[in-house]
Amino acid sequence: MKTQLVTVFVLFTALALGQSPGKKAPSVTLAPIDPVTVTRGKGAPVSLHFRVAPGFHINSNTPTSEFLIPTALKMDAPTDIALTRTSYPAGKDMSFPFAPDEPLNVYTGDFTVTMTVRPLHTVQAGKYAIHGDLKYQACDNAACYPPKHLPVEFEVKVLKGTTSGGKNPAQSPHAHR
Amino acid sequence: MKRNPAALFFVAAVVAAMLFVGFHAARRSGDGSSDSLDVAGKPAPDFTLQSLDGKNVQLSSYKGQAVLLNFWATWCGPCKIEMPWFVELQKEYGPQGLQIVGVAMDDASKEDITKFVKEMGVNYTILLGKEAVGQEYGGVNVLPTTFFIDRDGKIVAREFGLQSRSLFVDNIKKALSQGQAVQARK
């Protein structure tokens with residue numbers, strides 16, 4: 001009986017909150033990112049899988065108007081771990097009721113941003129935390145919402161590898177942990 | 001299966017409570033719908049903001065006129081749809097005492113906002129918004145958000161998101177008909 005009551009409670013909580021038409025806050029979520037293992041001096045790809053909540057869209061990285069806010073990733077990496085070749089997917093050209101004649105270039109549903117992590121030869125082997133955020137601005141069919149920042153964090157495990165790199169503790173990354 | 005009356009009553013109470021909470025949460029949050037009842041009759045919070053030509057404009061200086069107060073941003077597509085309507089409505093109802101005031105809730109520079117406004121052919125007052133003013137008006141977490149204020153400075157209606165032009169006309173007429181008129185400013 002207790003289980004049934006809990007189930008009913010959860011179902012109706014969802015119902016009550018979901019009942020509000022269009023009341024869901026616009027959201028973009030990031031799937032968990034597996035730690036990236038990379039040998040210093042070499043590169044490793046990282047894929048960030050984002051999801052835009054149903055009913056909303058966000059501008060692509062290359063929106064159709066200078067006034068629109070592009071979706072953009074800003075990462076803050078340790079000084080000697082380079083993040084390169086950030087690549088955004090192409091957006092979809094979509095028309096909306098508020099601008100039927102002016103298609104917007106947007107992301108909806110799932111989209112993936114990729115980049116390459118490349119620790120320099122000077123990095124000490126170990127684990128490093130990479131932080132950053134995804135700036136986006138969401139709209140639905142009738143309204144827009146202020147720009148938001150979604151935190152992005154993942155771990156990089158740097159291996160020594162076979163090549164001998166110059167060890168320079170003075171340049172150790174500030175995010176070393 | 002045996003049914004426990006107490007448990008059924010509990011479930012019914014939970015359902016009723018959830019629906020009540022959901023309904024009222026819906027009324028309070030912005031979503032592209034109107035919820036004028038929440039704020040109708042309350043005084044519009046006064047503020048002073050800078051216009052695009054650098055003048056300080058105080059909302060209460062429009063007392064005696066009806067005000068359509070529109071929170072918008074250059075990055076807001078639905079806001080762009082409303083702007084040509086506002087241009088027409090300012091022409092049509094301005095002589096009767098309507099003043100449309102757009103508050104740009106933008107991070108864009110004054111120059112960019114000015115460029116945008118010029119491109120849109122705006123003929124009404126545009127002010128540079130501040131977060132604090134948005135907070136006074138309930139947070140303005142949805143754009144566009146539009147308030148209709150009567151001649152006495154009281155809120156007549158509030159609309160979230162893109163609405164029909166006819167709804168704007170109805171609210172403008174309501175705002176113009178309430179409160180004490182003073183001679184419309186030029």
Karplus (6.51, -1.76, 1.60) ³J(HN,Hα), θ = phi - 60°, over segment B:120-137, in Hz, Gly and Pro reported as x: 7, x, 5, 10, 10, 6, 10, 10, 8, x, 10, 3, 4, 5, x, 4, 4, 9
HN-Hα J in Hz across segment B:50-59 - Karplus 6.51, -1.76, 1.60, θ = phi - 60°, x for Gly and Pro: 8, 8, 5, 9, x, 8, 7, 10, 9, 4
Between B:ASP106 and residues 5 or more places away or on another chain, which pairs have amide H atoms under 5 Å apart, with H built 1.01 Å from N, and which residues are they? B:GLY129
Pairs over 26 Å Cα to Cα, from A:LYS148/B:LYS42; A:LYS74/A:LYS127; A:LYS135/B:LYS55; B:LYS55/B:LYS115, come to A:LYS148/B:LYS42; A:LYS135/B:LYS55
Could you check the spin-label model distance between B:LYS91 and A:GLU66? Points 7 Å from the Cα along Cα→Cβ, value in nm. 2.7 nm
Modelled label-to-label distance, A:ASP34 and B:ASP112, 7 Å Cα→beta-carbon offset: nm? 3.9 nm
Residues whose built amide H sits under 5 Å from the amide H of B:ILE100, excluding neighbours closer than 5 in sequence, are B:LEU68, B:THR125
Set the Förster distance to 41 Å, then compute FRET efficiency between B:GLU136 and A:MET94 from the Cβ-Cβ distance, nearest 0.05. 0.70
Surface/4 estimate of mean projected area, convex hull on alpha-carbon atoms of segment B:107-159, nm²: 4.6 nm²
Restricting to Cα atoms and excluding each atom paired with itself, what does the Kirkwood estimate give for segment B:90-137 in Å? 12.0 Å
Projecting the Cα atoms of B:GLY161, B:GLN135, B:LEU176 onto the charge dipole of segment B:122-186, where Lys and Arg contribute +1 and Asp and Glu -1 at Cβ, the residue farthest towards the positive end is B:LEU176
A correct Karplus calculation of ³J(HN,Hα) over segment A:66-76, with 6.51 cos²θ - 1.76 cosθ + 1.60, θ = phi - 60°, whole Hz and x for Gly and Pro, returns 5, 7, 7, 8, x, 6, 8, 9, 10, 10, 10
Taking amide H positions as placed 1.01 Å from N in the peptide plane, with prolines and chain starts having none, which residues 5 or more places from A:SER27, or on another chain, fall under 5 Å of its amide H? A:ALA53
Starting from the 7 Å offset along Cα-to-Cβ, what nm value, one decimal, do you get for the label separation of A:LYS157 and B:GLN180? 7.8 nm
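Bear in mind that the values in this text are calculations on the coordinates, not laboratory data. None of the values given here were measured: they were computed from a predicted structure. In this analysis, Cβ positions are derived from the backbone assuming ideal geometry, glycine residues included, and neighbour counts consider all displayed protein chains.
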